[in-house]
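One structure is given here, and the rest of the page talks about it.
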Amino acid sequence: MKDKSKIRNVAIIAHVDHGKTTLVDALLKQSNTFRENQAEMNETLIMDSGDQEAERGITITAKQTCVYYNGCKINIIDTPGHADFSGEVERTLNMADGVLLIVDAQEGPMPQTKFVLQKALEMGLTPVVIINKIDKPAARLGEVEDEISDLFLELATTEEQLQYPVYYAIARDGRAGKTPELDNDLHVIFDAIINEIPEPRVEVDGSKGSQLLVAALAADNYLGKYAIGKIFRGKLKRNEAVSIMKTNGEIIKGKIDRLFTYRGLGREETDEAIAGDIVALSGLAAASIGDTIATGDKPEALPTIELEAPTMSIYIGPNTSPLKGREGEFTTSRQIGDRLHRELETNIALRLEPQGLGYKVSGRGELHLSVLIETMRREGYEMEVGRPEVVYKIEDGVEMEPVEELTIEVSPEFVGAVSQELGVRKAELVEQELTASGATRFRYNITTAALIGLRNNLMTATKGTAIMNTLPKGYQKVETHYHQERNGALVASEAGQSTAYALDAAQARGVLYIPPQVDVYMGMIVGLSKKDELDINVCREKALTNMRTHASDGAIQLTPYTQLSLEQCLDFLMEDELLEVTPKSLRLRKRELNPVMRKRQRNKMQ
């Protein structure tokens, strides 16, 4: 592409599950990006390529794709909707000049809609609104349009941002229109991108040297590391000498080995790219996100990407349990440290500092951290993880803690359970309303510390029906430190293999987290007690005897055990507990495995 007026860079933003990835699928298919016989023509959620993205039904990492329509090149950036991945949103919106804001026709603007739109408007990006899923039986177009208008009034930074076009769509069917009477394709969306989104705001003149801001990194086994970003000034060429201007002021000389632009889901090599285009460069191994790649005798750096501070931290270190090294491929502190440092290159919202044998990893929230742990686990890493903790900060000598806006949607019969749980956590109720579907929607202000463990409790109290979303809201002075309370754990007092006979007796004492025939060690948590912490032998076998009684001859009937997910395990943890994470298992344990030593420590603390 030789003319920047023929380039459009657009990010697709929305709340979780409002249909942005589905819309990108339809745009890819209708722009003739794929041949009719290609497998992608029959796939859905083409852009959500990661295993966890497919399983969780959410976008975790932002991705670039490109389509051509009526001689115009449209670079599309599919962004995450979760506030936990706001680092992804912030760095990738840097490459866009406008946004498609997708809103569900029934749910209306939701917390993450507000979050991503606020970021886009702060950056001065031009918005185009698409009301999606208008075929829903409970769709309420008029009300949703009013809610979107209120949202823009609240967030707009200029008067021009209050003038935005609205389109209607059923992304799943690949149909859209200027009115709810839809056309049979998405040509109005393509036309809106070309006519409503401005051409790239960049300098074509490269006499002062070219500039590219690195917004993403990628790698493959063929060419190694790629630096991805938008050219803000001039043009870049293959084999051109450049300066990598680091965020710390250091300048490293390098040379562009190969230059790629995007087409569909892949890259295509080119000799030259102009200002406004999004490109991938190979050969610049020293480049990191936020660096400027510049040419000329007096290279100039672009403003770096500003990120919000982490709100939650967690300890990750080598596994120290009696079962260590059995199931993982990478188990040492050095291997775990190397992997975490590699993660920092692309996951720019993370912070890392040494702590004991391992590292204190800080991020945007529990989901952000749990996705990292799950990713490492699937790659063969074995580790132990501590309890999530809030990151406090000091302002003018005053301790401040992060606060979040919490939105919960539940059926009317669970309103009491939600109010009770949030009351215990001293959350401030801002709003309570009935939705079009008959559910009750709460909006609270709550400290991040009080959020830990909330999702588990709410899911139990509402039989798994609650819909919960959070949004960063800033910081407030710490009044009191919130401490999570929980019943005591059932802790294994002997090592061995769990037996149905022993578990049958143990299930009367609480809820079990393990089945029979699994390896158990002293100090491992095997369940949740009905009252206080209890040491219990789950490896005991039935005594063999010649005496027969009617009572002992009955078959053992075990209640199905509760299998906790990774997030549930993290929520369960108290300060004296750890989670052992391996590619095959999740095991809760006490930090101090010996029950006598554990009792002494408890007595000292009291």
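To the nearest 10 degrees, how steeply does helix 366-378 sit against the main Cα axis of the chain, on a 0 to 90 scale?
80 degrees
Which value results for Rg/Rh of the chain when Rg is the Cα radius of gyration and Rh the Kirkwood radius based on the inverse mean 1/r?
A ratio of 1.01.
Against the longest alpha carbon principal axis of the chain, how many degrees, from 0 to 90 and to the nearest 10, is the axis of helix 187-196 turned?
The angle comes out near 70 degrees.
For D291, list long-range residues whose amide hydrogen, built 1.01 Å from N in the peptide plane, is under 5 Å from its own amide hydrogen.
Residues meeting the criterion, in which the H sits 1.01 Å from N, are V214.
Hey, rough spin-label estimate for K253 and S419, points 7 angstrom out along Cα→Cβ, what's it come to in nanometres?
Simple spin-label model gives 7.2 nm for this pair.
Which aspartates and glutamates does K531 reach when only Cα atoms under 17 Å apart count, and residues fewer than 8 places away in its own chain are ignored?
Cα-Cα hits under 17 Å: E485.
From the C-alpha gyration tensor of segment 388-457, pull out the three semi-axes of the equivalent ellipsoid (sqrt of 5λ each), sorted largest to smallest, in whole Å.
Over the Cα atoms of segment 388-457, the semi-axes work out to 28, 13, 9 Å.
Looking at the chain only, what percent of DSSP beta bridges run antiparallel? Nearest 5 please.
80 percent
Against the longest alpha carbon principal axis of the chain, how many degrees, from 0 to 90 and to the nearest 10, is the axis of helix 415-424 turned?
Once rounded, one gets 80 degrees.
So if I take the centroid of the Cα atoms in segment 366-407 and the same for segment 243-257, what is the distance between those two points in Å?
The two parts, judged by their Cα centres, are 32 Å apart.
Hey, can you find the accessible area per residue of the chain for me, probe 1.4 Å, expressed in square angstrom?
Per residue, the chain has an accessible area of 46 Å².
Could you look at segment 378-481 and say what percent of its accessible area is carbon and sulfur, using a 1.4 Å probe and all protein chains?
Result for segment 378-481: 48 percent of the exposed heavy-atom area is carbon or sulfur.
Determine ³J(HN,Hα), in whole Hz, for all residues of segment 135-141 in sequence, where each value follows from phi through the Karplus function 6.51 cos²θ - 1.76 cosθ + 1.60 and θ = phi - 60°; x replaces Gly and Pro.
Values per residue, Gly and Pro as x: 7, 4, x, 9, 4, 9, 4 Hz.
Among all stretches of the chain without exposed trypsin sites (Lys or Arg not before Pro) (DSSP loop, at most 10 other Cβ atoms within 10 Å), which one is longest?
36-530
What would the Debye formula give as log10 I(q)/I(0) at q = 0.11, 0.14 Å⁻¹ for the alpha-carbon point model of segment 462-606, no solvent?
-0.53, -0.79
At 222 nm, what helix-only mean residue ellipticity would the chain give, in deg cm²/dmol to the nearest 500, using -39500 (n - 2.57) for each DSSP H run of four or more? Walk me through the numbers on the way to the answer.
Values: 14 runs with 136 residues, N = 606.
After summing the helix terms and dividing by residue count, I get -6500 deg cm²/dmol.
Run the numbers on the chain and let me know its relative contact order in percent, using alpha-carbon pairs under 8 Å that are six or more apart.
Values: 1330 pairs, mean separation 63.1, N = 606.
Answer for the chain is 10 percent.
The values are calculated or read from the model by the stated rules, or taken from the named source; none is laboratory data. Remember, predicted model here, so these are calculated numbers, not experimental data. Backbone-built Cβ (ideal geometry, glycine too); neighbour counts: all protein chains shown. Accessible surface is based on the protein model in full, side chains and every heavy atom, while ligands, DNA and RNA are left aside. Shrake-Rupley method; radii C 1.70, N 1.55, O 1.52, S 1.80 Å.
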